[in-house]
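Throughout, read-outs are computed from the coordinates displayed, never taken from laboratory work. Note that the structure is predicted; figures quoted are calculated from it, not measured. Cβ placement follows ideal geometry from the backbone for every residue including glycine, while neighbour counts extend to all protein chains displayed.
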Amino acid sequence: MTVVIDRTHSTPPDPKGSGPVSAAARARSSNKPPSGGLYKARAAIYPKLVHGRWRAIKWALMILMLGIYYVTPWIRWDRPGSLPDQAVLVDFTGRRFYFFDIQLWPQEVHFITGLLVMAALALFLVSALFGRLWCGYACPQTVWTDLFIYVERMFEGDRNARMRLDAAPWSFNKLWRKVGKHITWLAIGFSTGGAWIFYFHDAPTLLSDFWIGHGPMTGYLFAGLLTFTTYVFAGAMREQVCIYMCPWPRIQGAMLDSHSLQVTYRYDRGEPRGAHKKGSDWTGRGDCVDCKQCVTACPMGIDIRDGAQLECINCGLCIDACDEIMIKVGRPKALIAYDTDAAVEARAAGKPAVYKLVRSRTMFYAVALSIVSALMIWGLTHRSSLDLHVLHDRNPVFVRLHDGAVRNGYTLKIANRSFHDVEAIVAFEGAKGSILKTPGAKATGETITVSVPANGVEAVRVFVSLPSDSLTATNLPGAFIVRTPAETARVKTTFLSGAANPR
Amino acid sequence: MSKRESDEVTGVETTGHEWDGIRELDNPLPRWWLWVWYLSIAAAAVYWVLMPAWPGISGYTKGVLGQSDRVAVAGELAALKTVRGAQGAQLATASLEEIERDPQLLAYAQAVGQSVFGDNCATCHGTGGTGAKGYANLRDDVWLWGGKLEDIHHTIQVGIRSNHEAARQSQMPAFGRDQMLTASQISDLTEYVVALSRRPADRAAVARAAPIYQAQCIACHGPTGQGDQALGAPNLTDQEWLYGSSREDIHGQIWNGRGGVMPSWQSRFDPATLKALAVYIHSDAAGQ
Ligand code: SF4
Ligand code: SF4
């Protein structure tokens, strides 16, 4: 039985210190019985700044990810002709997505789907192996909240100072700190929304247009929207977003098992907890000195010693907080650590802990991820720049000519995904003596030539006539072949001729 | 209702409902959910003031922003007209051949032509333009009055047997109904026409009909039955027939001498539209 996930029955506290003491016995602070009301106001959380390995990783990742987010639209990428020179651009008006040397067309949306499937599988795999790494380190909500708390700390100080300030009556000191904080938050929110819209337009042009009021309406709308959501979500709501708005904490329960690494309080080592006098003996008691530093550090406002819980985003800050204490009291670090429920239980039962990264679940995710990735790579490297789409006329499906020949009409869409104009030669294959013609053209022949602009589509109607002696069946298989100097596209179609004279 | 009980682990009361052994804790909702709800109501109230919202007996509340989809559509249509104005003007000045040579103008003319065709011509010629018995197929390469761009344009303008003074006129005599030929002569003539269209026919009847054809039909259909587009006389040697190609159909046509009417469209459409229609039909048809 895992201690933390199964909450359907209680495990009474074990005074001798070998069980999950607090989890079972005490109601968590966030789960207190309702005090009669239907609604509960948010309890303010004042996370304390910690120092340590995980905090350092979080700072580094924050700088990296925010850097990528804000800088990416400004990377230039030379493309020929009038094509945009922005490395990453979602061009809704031109209906193209540019990503460095890759450009995707609307009909290639399956690549985006594939990318999303890959992202989902990677998330499942990482969750099954290492718990909620995404939540704790990479989720935009976490990253921006972390940044906002940093700003808060700059203006109002660390935990105790902030608590004092909030409790204090209004003064000039309190006012300028609060106002400064909110202005900085709004500025961050605005640059977040501002950076977002640069992904959809040429960034330098949009920047100048934006300030003189010539930007597109949607630009202002989304800049405003993201300013607002960033400010509210990261400034005011924080953990409320994770607890009440995000579906992932609920889904993760299905991704995790007792072998997943998660931020874990090692109760086998920590219990029974209690205050410890310097110099006194450690025998007969656990390493946890009940200093609650892990609780004060937690941005979600929970006590990790209650076991894994929905609110915990696995950010590891409680690990850093507890490690500081363990060094102070002279006990080994990692009383709270990335560990598995199975390992903690095994040690609690006096057995050696076993770590199983390779499990059927992780193998399944890994294999699925590899397959999708391989398909994506194959798809991206094998995509042609020439695309042909053939639509048979429906009305009339065929026309009989005076000499018994039959003519069918088709609409061909020739897509040229390359960066230069091409001359495409269209031919019909399958029956002898086919003659091709486009509407309005005087000339007929075995092939027709269509110029297709770079990065564009040319729709052309083509009439194919077959002489009566080629009409061996009412329904002849045929194919259109489109050749450019570099590529050939072939699309099968049918030539219809009807059984007899239609009149 | 089951009785209220407390969850042993958390000490929180449950709602008393149970699904497959799982009971729901009766935790309070976050307060901000309530605020969001109030905000939504407030937003709705603001919307009612700004936008058209409430129905009344003789109308609806218009909203202070004066938003109206009808007005927006009318504005967009007007804008479209200005955009198309240039091409429309080009259509009016360019010659028929020039329109067909310019791919952009051709595409525009085809679009205009297609929509005008659908509203006016499709009734007789079908939406696909393939016609029906008695109504010409405009997609093939058989044309009674000529299939050149100019011919088609002229036919649309003046019509056939219409009330236009320059209407296309042709008259096939009703050899049977008007008792110009006997029934057996008409039967023989039918075989002759079948033979003209290179199909097996009764040789004796064909021989008997030869002098009749020489006397009665040659003036319009020509000695070899090739017809004459200047007169609107059909070619009898091809496989496409306005009134059908079976012996019965041919016999009936010689007997009754039918001829249809097509209205003149000159008074109905401006010259640019007439051109667009001609170009649409010509460019989408086979042959010429
Ligand atoms: S319990 Fe620890 S890991 Fe979980 S959210 Fe709080 S600080 Fe982060
Ligand atoms: S920080 Fe470590 S020692 Fe302090 S209460 Fe938390 S687990 Fe116990």
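At-a-glance table
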| item | result |
| --- | --- |
| Gain on full stretching of the segment that runs from B:K133 to B:A92 - 0.36 nm per residue minus C-alpha separation | 11.3 nm |
| Relative contact order [Cα under 8 Å, 6+ residues apart], chain A, whole percent | 15 |
| Highest-MSF residue in chain B out of B:L181, B:L96, B:L77 [GNM, Cα springs under 10 Å] | B:L77 |
| Where labels lie 7 Å past Cα in the beta-carbon direction, separation of A:K278 and A:Y244 in nm | 4.5 |
| Length-normalised contact order of chain B in % [C-alpha pairs under 8 Å, at least 6 apart] | 21 |
| Shielding score for B:138-148, defined as the mean number of other chain Cβ atoms within 10 Å | 3 |
| Peptide B:9-16 - average C-beta neighbours from other chains (10 Å radius) | 5 |
| CD proxy at 222 nm, helix term only [per DSSP H run n ≥ 4: -39500 (n - 2.57); per residue of the protein assembly as shown; nearest 500] | -13000 deg cm²/dmol |
| Extension gain, A:T411 back to A:I371 (0.36 nm per residue minus Cα-Cα distance, nm) | 10.7 nm |
| Distance (nanometres) between label positions extended 7 Å along Cα→Cβ at B:F269 and A:S468 | 3.3 |
| Kyte-Doolittle mean at least 1.0, axial Cα span of 18 Å or more - DSSP H helices of chain B | B:31-50 |
| Förster radius 25 Å - calculated FRET efficiency between A:A122 and A:L186, Cβ distance, rounded to 0.05 | 0.15 |
| For chain A, alpha-carbon Rg relative to the globular expectation (2.2 N^0.38 Å, N residues) | 1.41 |
| Euclidean distance of C-alpha centroids, segment A:273-328 and segment B:225-261, integer Å | 102 |
| Fully extended contour minus Cα-Cα distance, from A:A334 to A:V491, at 0.36 nm per residue | 50.1 nm |
| Spin-label model distance (nm) - A:K292 vs B:E13, 7 Å beyond Cα toward Cβ | 2.8 |
| Counting DSSP beta bridges with both ends in chain B, the antiparallel % (nearest 5) | 90 |
| Separation of alpha-carbon centers, segment A:396-420 and segment A:165-191, rounded to whole Å | 69 |
| Selected from B:Q90, B:Q67, B:Q157 as most flexible by GNM, with chain B as the system and alpha-carbon contacts under 10 Å | B:Q67 |
| The protein assembly as shown: antiparallel DSSP beta bridges as a percent of all, rounded to 5 | 95 |
| Residue order, fewest to most beta carbons within 10 Å, for A:F100, A:F398 | A:F100, A:F398 |
| For chain B, size of Cβ-based charge dipole, Lys and Arg +1, Asp and Glu -1, in debye | 1000 |
| Mean Cβ neighbour count within 10 Å, used as a protection proxy, ranking A:372-382, B:232-242 highest first | B:232-242, A:372-382 |
| Qualifying trypsin sites (Lys or Arg not before Pro) in segment A:254-338, DSSP loop, other Cβ atoms within 10 Å at most 10 | A:K277, A:K278 |
